[in-house]
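The values are calculated or read from the model by the stated rules, or taken from the named source; none is laboratory data. Just so you know, these numbers come straight off a predicted model, no measurement behind them. Cβ placement follows ideal geometry from the backbone for every residue including glycine, while neighbour counts extend to all protein chains displayed.
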Amino acid sequence: MENTSPSPTRQNSFSDFFKGNRGILITILLLGLLPFILALFDGQPISSLLANDPGKSKFYQGLAIEIFILAIYALSYDLLLGITGLLSFGHAMFFGVGAYLTGIMLKSFGWSLLPILGLVAVAGVVMALIFSIVLPRVKGITFALVTLGIAQVFYIVIQSRELVNYAGAEIGLQGVTPPEFLNPISHRLRFYYIGLVAVFVVYFILKRFVDSPTGHVCVAIRENEDRATMLGYNTFYFKLAALMLSGIVAALAGAMHGLFSPIIRPGIASSHYTIAVLLMILMGGIGTLDGALIGAATFRLLSFWLEKWFGGASQVIIGLVYILLVLFLPYGIVGTWKLRGYKVKQGWVDLIERFTGKKQET
Amino acid sequence: MNTLISSFRRNRTFWITLLVLIIIFALGVRGLVDQEAEGGERYKNVVITILRGLSTGSIIFLVASGFSIIFGLMSVLNMAHGAIFMVGAYVGWTVAVRPDTVVDATTPIALLISGFLLVPVWDQIIKKIKISPALSRLWPWLGLILTLLVLGFLLPKYPITSWDVGSYEISPVNFAFAASQGQVNVPEPEQFQGISPLIGLGGILLGSILAGITVTGFVASRRPTTAGRAPQPGALRKSLINFIIVALLGLLLYIFNTPISNFLYTLDSTWLFIVAILVAVATGAGLGILIESTLIRPIYESHMYVLMLTLGVNAIIIEVVRSIWGAPEFTMHRPSVFAGTGEGCPAESFGDLLQYKCSTIRILGGRVRTYNEIFITILGIVVLIAVWLLLQRTRLGMIVRAGVQDSEMVKALGINVQRIFTIVFSLGVGLAAMGGVIGAPSTGLTTTLGDSLLINMLVALAIGGLTSYPGAAAGALIVGLLQQFIIKYGQIGINIPFVEEAFKPSPPLVPAMTVLLMVVILLVLPQGLFGRKE
């Protein structure tokens, strides 16, 4: 796993960073300007936007914050499934733990935000350790089943009568008042920028992790675990590291959800929420961190528009999209893009070829 | 003796685990013995709890056995299994409560199937016609559009006498309530509105034939060479005869619609229940064939994608069921053999039971429900033996067992694995649907039925061993018994030494305990109790 290329100097690596991440940096810039652009189109004055007055821009800021939260959550799952190759069906538990801990600590115990975030991160590690009890023993499908079972227990416990004062049973946790400087209603624009920063900080941390020697071993485990073991790596520790990092990130995403959404529903801890994140990274492309971002955005926007247009039937359509993706586009948006190096023109030529059966000249 | 000792030595962990489980079971039984009662009545709670455990285990087993055989043979984790269990329950309810709807719906379904039976004929005809490759790629798309237009116009117009989820008077909830009270009010059958029946039926038949041609066109345009497979002698005539039979069946059902549904309404609910089981199994198996041949077959080599695909199918089936039958929960009445409450009930002996058709029977002073506890258990055992005989004594079972051991070798021996896969998949899924109907009178019908069962089933299979048939039975038994014992202890409480109050495990602890047991067993025996060592 040694890096054979000559190590670049500091200056070079800095400019390389800008060159290599040009797309991402432009996206950050555009997203940073997005509230202002939307306000401009809506004819809302800047002062009103900064005062968080209701309007189209504020509504779409809310949607974007949801996308940011989902993107962090999808990034954490991509690290687990796409990079390390661990199929876990209990990932929603991490998200749920983060959200519920934040809500309960704010509402019932009155903690301030920073200790809560620390607690949430610790909770993510603890949950990862619970998963890791079975990690060295079971592999593949059985690991998926065990994690599904553990997460299902959490889902059931969170809805139980005994915890009704804290977690609110089936209805969900209501009446959480986030700290004033982060209130999603009166300070939404601030929340938006914090969310934006959080997504890309997490993105660059995870990218750094994947490029590190530890990350390389994780990829090796995904490709062939026996071989990684034979090379002398104790794969358990690497899988545990990925699981912990993923757990912390997912729990923090959950904490953001707990701060942002007015009701924390138990549904976010159910297996459906794991399947939703699976769909997100499948849409974007498994194993590509960019894919998790794009997949989360596509998923949320798609379900938003579909619900607007079709109402109750939207779930069926999302299911159909899911099946069609698995059948015809298994590498997702980013994966297909990277795999074939599609140029737009080439895509048209292929499309015409597919219909006519004739080889076109490029 | 020597073999016993050596087998003990080889599988030390297994035997110790089994011993521990038996000790836990014995302790659980001992705690339920009522020390204050007299004679046989002491064991009242024990018997009831064990019977309930057996019946819960039977339902889990009906679903788990199919799942484990499918997984063993094809390495397909069919996450839609729970959803098909649910479909079985809902279809069974419809047959038992609203047979006229089923009769109505059978005609268009039969007509739609009939068109696809002609695919071999079209295949031969298309091969004879020489057209340019460009056109041969284009026309199936035109066919698809035409098919969608015809069917999309006609199918919504087809009159199916059914219910309306929106209004309570004619909602499934109300029909279920009326049926449980023993009332039968036959609704007016609906007729074709706006178009003549001849155009409607003929149009659907035409649409299904068009669909068959379209599918053939797509398959043919994807085939690398024009050669294809040579038809077997008589195959064409056979498919033509099949087409005529199925289409005629559909038309006859349309003509004799009212007499048939009136006859079904006059049937005793026991006979109707048997019909319901048959229809549900047929629906499940049909869905199985559809899912296997269109969705799983193209990608079944990549297991993770199949897993995700079946998850998607699961979500779609649940949503479709919710849109047809509505989200509110309702019940299914028990067949009349198990519903008697009048004179002579609860029965004192099995002779009385058969004579008065009681809904409950008194065993050792406790009342046991005949349907929930006894019938389901007996049926579970019957299916256990039947599937075991199928696996051990038939050619199909032999191939399946060989395929579980080494599917590459079976392929190499020249067996048509694809057909075996389809058969096994539809059989396994059909068993799940059967479990759905049989479980429905005791569990009620909700759209979350499948999910909760899927979890239980996966836990049972992980305990027993994923690909092993005895493992599925053992796991289902363990999960069922454990659940019912915990529920019972939740009612009477556990006396823990040195603690004043009795500890009462609350209902959420039931699934939690089974999962805990699964995790412990997987830690000791990663391949499950009866699984093969990798």
May I ask you to list pairs of residues, at least six apart or on different chains, whose Cβ atoms are under 7 Å apart, with the first in segment A:200-223 being closer than 21 Å to A:L29 by Cβ and the second being of a type in the set (K, R)? none
Tell me the helices (runs of 4 or more DSSP H) entirely within segment B:398-485 that contain at least 2 residues that are crowded, with 19+ Cβ neighbours inside 10 Å and touching an Asp or Glu at 6+ places or on another chain (Cβ under 8 Å). B:417-443
Is it fair to say A:G291 is more than 25 Å from A:L117 (Cα to Cα) and modelled with pLDDT under 85? no
Any residue in segment A:247-268 that is surrounded by fewer than 19 Cβ atoms within 10 Å (Cβ to Cβ), under 30 Å from A:V164 (Cβ atoms) and β-branched (V, I, T)? yes
I'm trying to understand the selection: among the residues of segment B:340-359, which are crowded, with 20+ Cβ neighbours inside 10 Å and of a type in the set (D, E, K, R)? B:K357
Taking segment B:146-181 and keeping only residues that are farther than 27 Å from B:I204 by Cβ, without any contact (Cβ under 8 Å) to a residue 24 or more places away in the chain and not in a helix (DSSP H, G or I), one is left with B:S167, B:Q181
Name the residue, out of B:V63, B:V46, B:V20, that is assigned to a helix (DSSP H, G or I) and under 15 Å from B:I486 (Cβ atoms). B:V46
Does A:V326 meet the test of being away from chain B (no Cβ under 12 Å), assigned to a helix (DSSP H, G or I) and farther than 18 Å from A:A128 by Cβ? no
Report whether or not B:V337 is of a type in the set (V, I, T) and modelled with pLDDT of 80 or more. no
Scan segment A:287-319 residue by residue and report those that are exposed (fewer than 15 other Cβ atoms within 10 Å of the Cβ) and either within 13 Å of another protein chain (Cβ to nearest Cβ) or among the acidic types (D, E) (or both). A:F310, A:G311, A:G312, A:A313
Tally, over segment B:125-178, of residues that are closer than 30 Å to B:E329 by Cα, surrounded by 12 or more Cβ atoms within 10 Å (Cβ to Cβ) and within 14 Å of chain A (Cβ to nearest Cβ): 1
If the requirement is being buried (at least 16 other Cβ atoms within 10 Å of the Cβ), more than 30 Å from B:G182 (Cα to Cα) and touching a residue at least 12 places away in the same chain (Cβ under 8 Å), which of these qualifies: B:V368, B:V337, B:V387? B:V387
When restricted to B:V246, B:V275, B:V321, the only residue more than 14 Å from chain A (Cβ to nearest Cβ) and within 30 Å of B:F375 (Cα to Cα) is B:V275
Are there any pairs with C-beta distances below 7 angstrom linking a residue in segment B:57-78 that is more than 16 Å from B:I463 (Cα to Cα) to a residue that is of a type outside the set (A, V, I, L, M, F, W, C) and part of a loop (DSSP other than H, G, I, E, B), with the two at least 6 apart or on different chains, and if so which? B:I70/B:N78; B:M74/B:Y300; B:V76/B:Y300
Enumerated helices (runs of 4 or more DSSP H) restricted to segment A:200-319, each holding at least 1 residues that are β-branched (V, I, T), under 15 Å from the mean Cα position of the chain (by Cα) and closer than 20 Å to A:S88 by Cα: A:235-260, A:271-284
